[in-house]
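The values are calculated or read from the model by the stated rules, or taken from the named source; none is laboratory data. In this text the structure is predicted, and so the values were computed from the model without any measurement. So basically every Cβ, Gly included, is an ideal-geometry build from the backbone, and we count neighbours across all protein chains shown.
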Amino acid sequence: MDWFGLLGLDELSHGLANLSMFPYFDVAHYVVSIMALREQPGALEVSRVSPLACWFSSMLFCFGGAVLSAIMLAEPAVAPLSNSTSVLLASITWYLVFYCPVDLVYSCAALLPLRLVLSGMKEVTRTWKVLGGVTQAHSKYKDSLLVMIAIGWAKGAGGGLISNFEQLVRGVWKPETNEFLKMSYPTKITLIGAVLFALQQSHYLPVQTHHLMLVYTVFTVANKARMMLTGSSASPFAAIESAVYKALFAGHSPYAALAAEVKKARIDRGATNGTSATKAAIGGNGAAEGPSGSLKAKEESEKKVN
Amino acid sequence: MDWFGLLGLDELSHGLANLSMFPYFDVAHYVVSIMALREQPGALEVSRVSPLACWFSSMLFCFGGAVLSAIMLAEPAVAPLSNSTSVLLASITWYLVFYCPVDLVYSCAALLPLRLVLSGMKEVTRTWKVLGGVTQAHSKYKDSLLVMIAIGWAKGAGGGLISNFEQLVRGVWKPETNEFLKMSYPTKITLIGAVLFALQQSHYLPVQTHHLMLVYTVFTVANKARMMLTGSSASPFAAIESAVYKALFAGHSPYAALAAEVKKARIDRGATNGTSATKAAIGGNGAAEGPSGSLKAKEESEKKVN
Amino acid sequence: MDWFGLLGLDELSHGLANLSMFPYFDVAHYVVSIMALREQPGALEVSRVSPLACWFSSMLFCFGGAVLSAIMLAEPAVAPLSNSTSVLLASITWYLVFYCPVDLVYSCAALLPLRLVLSGMKEVTRTWKVLGGVTQAHSKYKDSLLVMIAIGWAKGAGGGLISNFEQLVRGVWKPETNEFLKMSYPTKITLIGAVLFALQQSHYLPVQTHHLMLVYTVFTVANKARMMLTGSSASPFAAIESAVYKALFAGHSPYAALAAEVKKARIDRGATNGTSATKAAIGGNGAAEGPSGSLKAKEESEKKVN
């Protein structure tokens, strides 16, 4: 747009578009991802019980998007493993984050200023991955907006989308929640990016690629910084989501009766078991019934910083 | 066969073979599938908690067969998504079934006469999918009967075969049962169709394709109508299954002793827990042991109308 | 090497390299695998409740490696099914092991001398599978050692690696353990073989293929025989593993504090529930937390004979 030219941002956006993710941005992505894995409950224990499981989990955190989009496009799932330099870098990062003497690397990287910079760099790689996924899908499925969005989303947020199975590697199984039922902020922002880039690549959005890259990257980095500095996890989309939900999905038809039924069932189970609503969501045969617990979980998730 | 010519059914079978599934039969398939999803326990709640999870679940119900056979043949799993018109139709159907004001669409479609017609049309699409899968496999694996049956079965009943994972999207996890342990009627009839069409395509069954299509379609539609009208879920194959089972699989060797052992274990656990046999099937570490519960479940399933 | 020539083993290694696995070694592999399946808790019950689930499970035990490596390389997962002769042989073996009148086949094959011979023959097929996987990966990913190791490992030990999902077919779900968290002996020996053959194919290990095949086969067969005859499951690698673990992975940093925390939590939960540590590892919402139970399980596994 002319605005970009006027604001002198045209050169900046070209510079950003030509920036190489390797090696610094990629390493920042690995560090932040593996730190996030380490902060999961039980992950440190797994790292002592089975370094192999811990390593494989870390690789899924780092390359989950590439693996998921490869599976969706019927390309070899091992292809990301064939990039030996990246895997080596990620493995070294994994080793240092989990096993460095006196825990030096993790302690330093967890300091807010450094963590802020690394997280910002990770957000920059997000743009590259989403755009990469969208263009890859565009070359094979020219007319399908949905496929472009799906692949862009998978490439950018694959690690989160396959979280149930990544947790399974660590012996954790939480079927009552997943990124579809309760979308975390990174997955949400990646979906939005995938939609924007898909519309732009199909020429529905009359913006140049490098301009959109700049706007999207600045938005994600700024928002991430804000969330980390204020400690707030208030999603910038909360108002829009709420409006869309009320307009489209909060029909009166079965829900009023259903909500009453669910509340009654919860009260009954609460009286019988004397347990919390989340536990009450578990059916008698050990299967986890997600949604009752999810209603509660949805409220809790808005407090989490991702 | 000459019978077809004599009965004047030759033209009917040709007409059926040339019938296009799009759009009416496809839409009937979507409506019936999504209504079946809606009637699953917890599905309405998911539709309010997370429309995205509900939509994805519905797409798996509608296109599960195409996705599963694509994965089995190493074709892109997103290929069904690239058919934008079908996905759009299915999405509109999903929206109307779950969120229509005053629940108009669901209430009307659930009326027996209309539901009967829609279910009949869905059974017609089953023939197309099975035949499509068998011929697709035949073109790549000319001599392999087993692959043809597998792909035909997957294409026709994929939604049921991947039910454990479709439920996972909704936060439900019931590992103690699946379509192999306890096959539902639609999956059974699809398997039979896959076997028949595989034998016919490999010229073991000397029948012309369009004749077999007519016979199979008439059988499935008539049986479905009978089951819906009488409210009976008695499988037409029960006698044959029983005979085959007794002849081949009910050997005396370990089972007598085993059955006694299982009964004794059930009685012990029943005395300790004071719970039903199904709950007694759950092992102490939270893992679900399927078969004890399945023995009971197998009896219950013969009462279900699918 | 010259040693091979001097010891007159050159001819033996060539003979071994040219040996065909079909049909005797393949059948031995099927028999031993299906017997291992039969000895799993609950498998006999599944064989009576649902022969189809039992058959599919057996096929996964027999061909799991081929299926897993096909999926990883984006080749059709049904390709192993297209080898009709192998599938037929495996199916006949399945039927005889589970349903033979007076349980003749299983009783005979379980006698130690015969079981020893069959297990030895199965170990020979392991060499072929690992080498096949490594060379297949080498042809597509010449420079990637990691991909070659991954595919060789998958082909040789696929049945074990996908055990969680094979158990799911039988209605069993044990997420708290898998081959990454607690590697069984066969999986370990296959990984070592995959590493050796990958190094040899990439010319890092200056050994001829048929020589390495002979050494590896003799080692695996001898070790398997020793373990079966002595009833000991002491791994020959225990000392090396222990040394590597202490050197690389037993850093002081977070573990001391963590271990104390874990012990305290276990004591608390033990006091509340009055149950074993394994049960105490299960979180309140039914999700299985693997590692605490795995620490205990790791000790138990060293007693198991695989």
Restricting to segment A:43-76, name every residue that is at the interface with chain C (Cβ under 7 Å from one of its Cβ atoms), of a type in the set (A, V, I, L, M) and under 30 Å from A:Tyr141 (Cα atoms).
A:Ala74
Kindly indicate which of C:Ala198, C:Ala234, C:Ala194, C:Ala257 is surrounded by fewer than 15 Cβ atoms within 10 Å (Cβ to Cβ) and either away from every other protein chain (no Cβ under 14 Å) or modelled with pLDDT of 90 or more (or both).
C:Ala234
Tally of residues being within 8 Å of another protein chain (Cβ to nearest Cβ), among the small types (Gly, Ala, Ser) and assigned to a helix (DSSP H, G or I) across segment C:77-98:
2
Checking A:Pro101 against (1) in contact with a helix residue (DSSP H, G or I) (Cβ under 9 Å, 6 or more places away or on another chain); (2) at the interface with chain C (Cβ under 10 Å from one of its Cβ atoms), the condition it does not meet
(1)
Based on this model, can you work out whether A:Val218 counts as within 14 Å of another protein chain (Cβ to nearest Cβ) and assigned to a helix (DSSP H, G or I)?
no
Filtering segment A:56-80 down to residues that are at negative phi and over 21 Å from the mean Cα position of the chain (by Cα) yields A:Glu75, A:Pro76, A:Val78, A:Ala79
When residues of segment B:20-42 are limited to those that are more than 14 Å from every other protein chain (Cβ to nearest Cβ) and assigned to a loop (DSSP other than H, G, I, E, B), the one surrounded by the fewest Cβ atoms within 10 Å (Cβ to Cβ):
B:Ser20
What tally of residues in segment B:1-15 results from selecting those that are under 12 Å from B:His211 (Cβ atoms), part of a helix (DSSP H, G or I) and at pLDDT below 80?
5
Please specify each residue of segment A:208-233 satisfying the condition of being without any contact (Cβ under 8 Å) to a residue 24 or more places away in the chain and within 17 Å of A:Ile192 (Cα to Cα).
A:Leu212, A:Val215, A:Val218, A:Phe219, A:Ala222
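Just name the residue that is surrounded by the most Cβ atoms within 10 Å (Cβ to Cβ) out of those in segment C:82-91 that are of a type outside the set (Ser, Thr, Tyr) and free of Cβ contacts under 8 Å to residues at least 12 places away in the same chain. If you could, list the steps in order and put the result at the bottom.
Here is the first cut: in segment C:82-91, the residues of a type outside the set (Ser, Thr, Tyr) are C:83, C:87-90.
Checking which are free of Cβ contacts under 8 Å to residues at least 12 places away in the same chain leaves us with C:83, C:88.
Numbers: C:Asn83: 17, C:Leu88: 11.
Out of the qualifying residues, it is C:Asn83.
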If you check C:Val147, C:Val134, which single one turns out to be closer than 18 Å to C:Met213 by Cβ and among the aliphatic types (A, V, I, L, M)?
C:Val134
Condition (residue is closer than 17 Å to A:His138 by Cα and surrounded by fewer than 16 Cβ atoms within 10 Å (Cβ to Cβ)) applied to segment A:209-222: is it met by at least one residue?
yes
Residue list for segment A:126-144, filter: buried (at least 19 other Cβ atoms within 10 Å of the Cβ), of a type outside the set (D, E, K, R) and part of a helix (DSSP H, G or I)
A:Thr127, A:Trp128, A:Val130, A:Leu131, A:Gly132, A:Gly133, A:Val134, A:Ala137, A:His138
Just to be sure I understand the filter: pairs with C-beta atoms under 6 Å, separated by 6 or more residues or on different chains, first member in segment C:40-55 and farther than 13 Å from B:Ala250 by Cβ, second member of a type in the set (Phe, Trp, Tyr). Which pairs pass?
C:Leu52/B:Phe180; C:Ala53/B:Phe180; C:Trp55/C:Trp94
Give segment C:109-119 a look and list any residue that's part of a helix (DSSP H, G or I) and either within 13 Å of another protein chain (Cβ to nearest Cβ) or crowded, with 18+ Cβ neighbours inside 10 Å (or both), or say none.
C:Ala109, C:Leu118, C:Ser119
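Identify, from the list B:Met148, B:Met183, the residue that is assigned to a loop (DSSP other than H, G, I, E, B) and either modelled with pLDDT of 95 or more or among the aliphatic types (A, V, I, L, M) (or both). Break it down stepwise before answering.
Numbers: B:Met148 fails: assigned to a loop (DSSP other than H, G, I, E, B).
Of B:Met148, B:Met183, the one residue that is assigned to a loop (DSSP other than H, G, I, E, B) and either modelled with pLDDT of 95 or more or among the aliphatic types (A, V, I, L, M) (or both) is B:Met183.
Matching residues to (1) of a type in the set (D, E, K, R); (2) in contact (Cβ under 8 Å) with a residue 40 or more places away in the chain; (3) within 24 Å of A:Ile71 (Cα to Cα):
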| residue | (1), (2), (3) |
| --- | --- |
| B:Thr93 | no, yes, no |
| B:Tyr99 | no, yes, no |
| B:Leu104 | no, no, no |
| B:Cys108 | no, no, no |
| B:Leu111 | no, no, no |
| B:Leu146 | no, no, no |
| B:Ile151 | no, yes, yes |
| B:Ala154 | no, yes, yes |
So if I check each of A:Lys224, A:Lys188, which one is closer than 22 Å to A:Thr135 by Cα, charged (D, E, K, R) and assigned to a helix (DSSP H, G or I)?
A:Lys188
